[in-house]
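I have placed the structure first, in the form of structure tokens, so that the comments after it can refer back to it.
The values are calculated or read from the model by the stated rules, or taken from the named source; none is laboratory data. Just so we're clear, the structure is a prediction, and the values are computed from it rather than from any experiment. All Cβ positions, even for glycine, are placed from backbone atoms using ideal geometry, and neighbour counts span all protein chains on display. Only protein heavy atoms, including side chains, enter the accessible area calculation; ligands, DNA and RNA are left aside. Shrake-Rupley method; radii C 1.70, N 1.55, O 1.52, S 1.80 Å.
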Amino acid sequence: MTSANDTTSPGGVGGSGYDLEALSAYADRGRTPAIAAIDGNPECVALLDSIDRLGALTRDLVADDAAAQPAPDENWIRALLDTISREVRAGRDIPFPDTGEDARYVVTEGAIRQLLRETGDAVDGALVGRVGLRIVDETRAEVELSISVAAGRRLDPIAAAVRDRVAAALRRSTPLEPDRIDITIDDVHVAAPAATDTAAPTTAEPGSEPR
Amino acid sequence: MSDRISSSAPAEDGDAPAADELGFAIDAAVLAVPGVQRLFPADPAALRALQQVAGDGAARPASAVRSGSATISVAIDDALPTREVCDELTARVREVAGPVPVEIRVSRIHVDRL
Amino acid sequence: MSALDDAADALLAQRAADGDEIAFAVLVRRHAGYLRAFAIRLTRSGADADDVVQEALITAWRRLPELREPAKVRGWLATIVARKATDRIRSRRETDPIDEIDPAAVTDGPEERAVLSSQLQALAAAVDTLPDEVRVTWTLREISGASYDEIAERLEVPVSTVRGRLARARAHLLEQMMEWRQT
């Protein structure tokens, strides 16, 4: 294949009238809208195919590099998490009532939301998505949780378990009493038996109930 | 950047090395309470400002003692009711700092997975 | 949190945007290798790549609430890495006008990995010999899939310059790969 050497010839690649730069841009546009003079010219097509293969090979190279990277050091991750400011997401302070004049206990909104996430996650087959927390007056809260349920599991028992645990967690660990807890199931996920690789998993398998 | 200075002088309000001593003592007492996972800086903005001026060579206590009152920020787990843990924390802080007002901020609650 | 380890990117990104640092840690573990490989291709320096990825992740945590499509968090992270990497290359050039980066200093390069196919090795060697701005343009296009407009904005050059550099990269790489094929 000698098309690369023809890129400066006056007639363009293969005499098509299009030079390498034009073909390179055409490849990046996904060869649309189609240009007959290019698509019908064998040397142009060969060059376009080489350009595509080169891109694919480059992505293979980075994927290979990525796979060969050592897993990030856990200490490094911990240091990273420590660097990230928690104050940004802490939200308001929610105080316990009646602690006397000389003591003040507060739980941050961020702590409560994270508590609800982890409480929901602890239910077998559930994964928490969004957490909505509305504080009605000082100690009453309305909670909305959206959860993803593991494929093939029955939805009602899982939702009920999440609701029960969330209520218990609020009462035990926060100043808040739940007025209402709405659980919405808006996704299905595949629960892998054990994480063996780091590839991002897909959500629902084809054929399972999506929503 | 000086090391933490041990002072035998009595602690006075605004006496920085002594307040640090007290802060470290409170940190140690708090970490010993069942249910406490870790401490956060009680006053992160002040801490950052100090670190910018003094460099981050010197360790600072997480707990803050200001105007005679003690403030702590903690992560706890959910094995015990939060209020109970806070009561215990208050008692332990007062063992170290005397009958001072105490403010406890619970910044994180870990769920026990068992 | 083993359930979270298997969660999809979209859920993790959503939760991290909400403040869940555990979910963020899962995302970091999952994508750090790719981000580091990408950063190395851009900066040609393992040490710089480490700094760039760390800065990018800290920025990402702060800006996660701005991510409109949580499922695309990986590409979004790569975009931030690209920004930090190109900033670093630019400032490197300002302080060290002579390019002191020694190709052999990229210790994590595939030249050191016997398992890499000779074809990929040839490609890696060829990419490394591209001039900085051509290589960066190429990497942004072929790895992170950025559009010409996005690359132009990122590198502060006209779109026509982007087009020219990509053509130059392809001419050079195709030539090099053909030579490899003939050896």
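Measuring from the lowest to the highest alpha carbon on each principal axis, how far does segment C:1-98 reach, largest first, in angstroms?
50, 24, 18
Using only the alpha-carbon atoms, what does segment A:3-68 span along each of its principal axes? Please give whole angstrom values in decreasing order.
45, 26, 17
Would you mind computing the Rg to Rh ratio of segment C:111-183 from its alpha-carbon coordinates, Kirkwood style for Rh?
Reported Rg/Rh (Cα atoms, Kirkwood Rh): 1.04.
Suppose we compare each residue of segment A:136-178 in its chain alone and in the full protein complex with a 1.4 Å probe; which ones drop by at least 50 Å² of accessible area?
A:R172, A:S173
Which Cα, out of C:L57, C:A78, C:A3, lies furthest along the positive dipole direction of segment C:1-98 (beta carbon charges, K/R +1, D/E -1)?
So the residue furthest toward the plus end is C:A78.
List the residues, sorted by chain then number, that are 5 or more residues from A:G129 or on another chain and whose placed amide H is less than 5 Å from its amide H.
Those qualifying (amide H under 5 Å, at least 5 residues apart or on another chain) are A:S146, A:I147, A:S148.
Excluding ligands, DNA and RNA, what is the accessible area buried between chains A and B, summed over both sides, using a 1.4 Å probe, to the nearest 100 Å²?
Values: alone 14380 and 7190 Å², together 19410 Å².
Approximately 2200 Å², summed over both chains.
Tell me, how many Å apart are the Cα centres for segment A:47-61 and for segment C:129-165?
Spelled out, the Cα-based centre of one part sits 16 Å from the other.
Per residue, what volume in Å³ does the Cα convex hull of segment A:74-189 take up? Don't skip to the end; give the middle numbers.
Details: hull volume 14.9 nm³, N = 116.
Per residue, the Cα convex hull of segment A:74-189 comes to 129 Å³.
Could you state how much accessible area C:W76 has, in square angstrom rounded to the nearest 10, with a 1.4 Å probe and all protein chains kept in place?
Ignoring ligands and nucleic acids, C:W76 comes out at about 50 Å².
Ballpark to the nearest 100 Å², how much total accessible area do C and A bury together, probe 1.4 Å?
Details: alone 10520 and 14380 Å², together 19660 Å².
The buried area between C and A, both sides summed, comes to about 5200 Å².
Express the Stokes-Einstein translational diffusion coefficient of segment B:16-110 in µm² s⁻¹, to the nearest whole number, given a Kirkwood radius over alpha-carbon pairs, 10 °C and a viscosity of 1.306 mPa s.
Details: Rh = 13.5 Å.
D, rounded to a whole number, is 118 µm²/s.
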